[in-house]
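Since the structure comes first, as structure tokens, the remarks are kept for the end.
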Amino acid sequence: MKLNIAVLPGDGVGPEVTAQAVKVLKAIAMEFGHLFTFNKAFVGASAIDKTGDPLPEETISICQNADAILFGAIGSAKYDMDPDAKVRPEQGLLRLRKSLDLYANIRPVIAYEDLLNKSSLKVKQIRDTNILIYRELTGGLYFGEKKLSNDNASDICEYSRFEIERIAHLAFKAAQTRKGKLTLVDKANALATSRLWRKVVKELASQYPNVELNFMYIDNAAMELIINPRQFDVILTENMFGDILSEEASVIVGSIGLLASASINDKYAMFEPIHGAYDKFANKGIANPIASILSAAMLLDHFGLDKEAALVRQAVDKSLKLHITTPDLNTKYDNITTTKVGDFIEDFINNPEETNLN
Ligand code: IPM
């Protein structure tokens with residue numbers, strides 16, 4: 001298969017982790033006889049430094065002409081403490097999501113047996129957790145009209161039936177291929193947008209009679225996710241609730257450096273770790289590349305390259321089993337860098353039978 005992949009490493013640890021994912025994709029292409037080409041583009045703080053714009057025209061056009069986008073991370077401490085900054089790195093990511101209409105953000109949360117003791121939660125609570133979060137990505141508070149003056153500020157939260165229906169269908173269909181359970185997380189006791197979500201999703205449920213639909217308020221869901229994560233199969237939720245819940249879910253898995261995501265619609269697809277840029281950890285070799293590598297596996301899934309994706313996941317499992325992991329997870333070895341994890345996974349793909357710690 002020929003794939004033209006836009007690579008947007010972004011800021012902070014983004015370039016380091018993305019380089020490992022690209023390495024892994026190159027190994028897969030070699031092993032399975034595919035032709036993957038990679039086109040780099042700037043986004044975020046690094047794009048502001050170069051052009052003054054967090055999402056230059058050239059980057060949009062590279063993305064529009066690609067089959068898929070591999071995204072690193074975005075953000076910079078320089079802008080975090082400046083409420084008056086006119087341009088912010090995050091605008092690059094948000095505008096990219098909006099301009100490509102990447103409305104469905106899919107975030108798997110899987111508790112690895114070998115990492116259960118890395119979580120601060122009890123092993124018996126989290127074992128066998130396997131959740132798929134469908135986060136709406138182009139609506140809600142993030143994109144409503146914004147006002148900010150010295151004494152007043154507002155962010156409008158708006159959702160249309162159309163926006164809710166299109167992601168709800170995807171979430172129902174995903175539930176059909178899994179345990180058949182869908183939980184809509186909202187705040188319908190306080191928010192009008194949440195009441196519309198409930199109404200629309202309830203109406204669609206009759207088209208999916210084999211899916212059990214239930215509803216949970218976001219505050220309750222935040223607690224239930226920690227107390228009893230196994231009760232969830234597919235979670236469907238709006239933009240900001242999904243951002244917060246998925247980051248919370250990383251506690252179950254043991255490190256935010258493990259959580260991957262796909263943002264899709266019928267035409268475009270972007271793959272990115274859920275973690276941020278963490279610029280104070282950049283260029284130290286300590287950033288965990290697994291979320292980025294697993295995002296590459298989701299890219300392979302997206303194009304039906306099932307064997308290829310399975311091999312990447314097998315390589316990741318092996319690295320976790322052998323403790324070839326960065327310091328966020330490791331207690332056994334203290335010299336495993338970002339690149340070493342990528343090298344191990346690359347070697348495994350080249351030679352699955354023989355790869356061991358050496
Ligand atoms: C994420 C990030 C982004 C978001 C930020 C960088 C705007 O936290 O992808 O989860 O909130 O969507």
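Read-outs: derived from the displayed coordinates by stated rules, not from any lab. Computed from a prediction, not measured in an experiment: that's the story for all the values here. A quick note on method: Cβ atoms are made from the backbone with ideal geometry, for glycine too, and the neighbour counts reach across all protein chains shown.
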Query - Charge dipole (debye, nearest 20) of the chain; +1 at Cβ of Lys and Arg, -1 at Cβ of Asp and Glu - result: 600
Requested in this report: Could you tell me what percent of the DSSP beta bridges with both partners in the chain are antiparallel, to the nearest 5?
Outcome: 40
Query raised in the report: Pick from Leu94, Leu299, Leu191: which residue has the top mean-square fluctuation in a GNM of the chain where Cα pairs under 10 Å get a spring?
Result: Leu191
Query raised in the report: Between Ser120 and Glu212, what is the spin-label point distance in nm, taking each point 7 Å from the Cα along the Cα→C-beta axis?
Result: 3.2
Query raised in the report: Lys pairs in segment 204-329, Cα-Cα under 30 Å, at least 8 apart or on separate chains: how many?
Result: 7
**Report entry** Alpha-carbon centroid distance for the pair segment 312-352 / segment 11-70, whole angstrom
**Finding:** 23
Report task. Take the chain, drop everything but the C-alpha atoms, weight them equally and run the Debye formula without solvent; then report log10 I(q)/I(0) at 0.08, 0.12 Å⁻¹ to two decimals. Result -> -0.39, -0.90
Report summary line: Helix-only [θ] at 222 nm, the chain, -39500 (n - 2.57) per DSSP H run of 4+, per residue, nearest 500, equals -13000 deg cm²/dmol
Query raised in the report: Which of the helices in the chain meet the span-like rule: DSSP H, Cα axial reach of 20 Å or more, Kyte-Doolittle mean at least -0.5?
Result: 14-32, 161-176, 239-253
Report task. Select from Leu141, Leu320, Leu55 the residue whose mean-square fluctuation is largest in a Gaussian network model of the chain (Cα-Cα springs shorter than 10 Å). Result -> Leu141
Report task. Would you list, by chain and number, the aspartates and glutamates whose Cα falls below 12 Å from the Cα of Lys2, excluding same-chain residues fewer than 8 positions away? Result -> Asp67
Requested in this report: Express the relative contact order of segment 107-259 as a whole percentage, based on alpha carbon pairs under 8 Å and six or more residues apart in sequence.
Outcome: 37
Report task. Would you compute, for the Cα atoms of segment 147-305, the largest minus smallest coordinate along each principal axis and list the three values in descending order, in whole Å? Result -> 52, 50, 37
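Assign one of three labels to segment 12-81, namely rounded, prolate or oblate, based on the Cα gyration tensor with a ≥ b ≥ c the square roots of its eigenvalues; rounded applies when a/c is under 1.5, prolate when it is not and a/b is larger than b/c, and oblate otherwise.
oblate
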Query - Counting DSSP beta bridges with both ends in segment 1-147, the antiparallel % (nearest 5) - result: 40
